[in-house]
1. What whole-number volume per residue, in cubic angstrom, does the convex hull of the C-alpha atoms of the chain give?
2. For the range 1-157, take every pair of Cα atoms, bin their distances at 10 Å starting from 0, and report each bin as a whole percent.
3. Averaged per residue, what accessible surface does the range 28-74 expose to a 1.4 Å probe, in Å²?
4. Please give the direction-averaged projected area of the C-alpha convex hull for the range 167-308, in square nanometres with one decimal.
5. Where in the chain are the DSSP H helices whose C-alpha atoms run 18 Å or more along the long axis and whose mean Kyte hydropathy is at least 0.0?
6. At 222 nm, what value in deg cm²/dmol follows for the chain if DSSP H runs of at least 4 each add -39500 (n - 2.57) and the sum is divided by all its residues, to the nearest 500?
7. About its Cα centre, how strong a charge dipole does the chain have in debye, to the nearest 20, once Lys and Arg get +1 and Asp and Glu get -1 at the Cβ?
8. Once you have the Cα-Cα distance between ALA236 and PHE140, take 0.36 nm times their residue separation minus that, and quote the gain in nm to one decimal.
Amino acid sequence: MLGGAAGEVLAAGQDRVYGYLTQHNVITSYHLLRRGTIDPTALGSEFAALAFPETGSDVYRAVAPWFRAWLDEHQRGSSAAMPFGNAAAAARMIPIGVWFRKDPAALVEEAIRGAMITHNQEGAVAAACSFAGAIAGASFGQSGRDLVFGAAEVAKQAEARIGDLPGTVASPDGSPPLSLLLRHAAQLVGKPSREVADQIRSWTPNAGSVAGVITAIVLGAPILERPSVGVREAVAIDFEPREIAVMAGAIVGARVGPHRWPWRIVNDLWFAELGRRLANNDGRHEDLPDAYAVEEVLTFAGRAAAEQ
């Protein structure tokens, strides 16, 4: 959780404040602490509640156009997933990867449910599952090619399961299976970020969800003397840098624990505590601060500072 937030803060540039991707991971964390499983309808409503609370204002930050479109449809009464081709569904799988890391079958099922709240493109859903698998592997200390091969195995399980699900939309024509691409990508571990990104994008027309997740897993896989290096390289990628930075940071963070990152992260103790409770399958949540209230303070304090 802390590593994912660190990645988004770094990708945010001058603002140095995390945005909607980390907010989604927080909401999903609270959901799992309360329920122990993903209820897609309830979690979708919880996502929408930060934009349309019963009292108060929208507290989302740095919202991508695709998510704003989904929020608008949800507010009109339609909560159906859409064929988005980005990696944002994968980037919110951090809590699922940690909570279900000891149960691979449940991890795939829960990641599918979590992804299909907003995304129904097969590649995006499989990518979400593979990233959850990478988080699970990293939390057990997996690294390097072993981590990438482990994510490929999860992707293969997900692909078999997704093929039987109604409501999914095929990936772009010519997209090889994610599981196969991940196996090829294992050879790229440790190579410069630009080479990694260019090579992976040349393999698939699905340059959003699939290429983004593979790139993040490869960049987060090596054990580095300075964990922040992998995240800094992720930010330098010129497609979906925020999503890739969140995912690479989360993989590194799952492996190294509550690491002190070399840049300021607002609410870092909150993220670290959420991560500890997820890792321990500790469902206590009554003593945690209200997530909306935390985001309201951060959103409007930032706006006030910008206006001065």
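The values are calculated or read from the model by the stated rules, or taken from the named source; none is laboratory data. These figures come from a predicted structure and were not determined experimentally. A quick note on method: Cβ atoms are made from the backbone with ideal geometry, for glycine too, and the neighbour counts reach across all protein chains shown. Accessible surface is based on the protein model in full, side chains and every heavy atom, while ligands, DNA and RNA are left aside. Shrake-Rupley method; radii C 1.70, N 1.55, O 1.52, S 1.80 Å.
1. Values: hull volume 36.5 nm³, N = 308.
That works out to 119 Å³ per residue.
2. 11, 40, 36, 11, 1
3. Per-residue accessible area for the range 28-74 comes out at 40 Å².
4. On the way: hull surface 48.2 nm².
So the mean shadow area of the Cα hull is 12.0 nm².
5. Going by DSSP H runs, the hits are 122-139, 144-162, 241-256, 291-307.
6. Details: 16 runs with 188 residues, N = 308.
Dividing the helical sum by the residues of the chain leaves -19000 deg cm²/dmol.
7. 720
8. 31.8 nm
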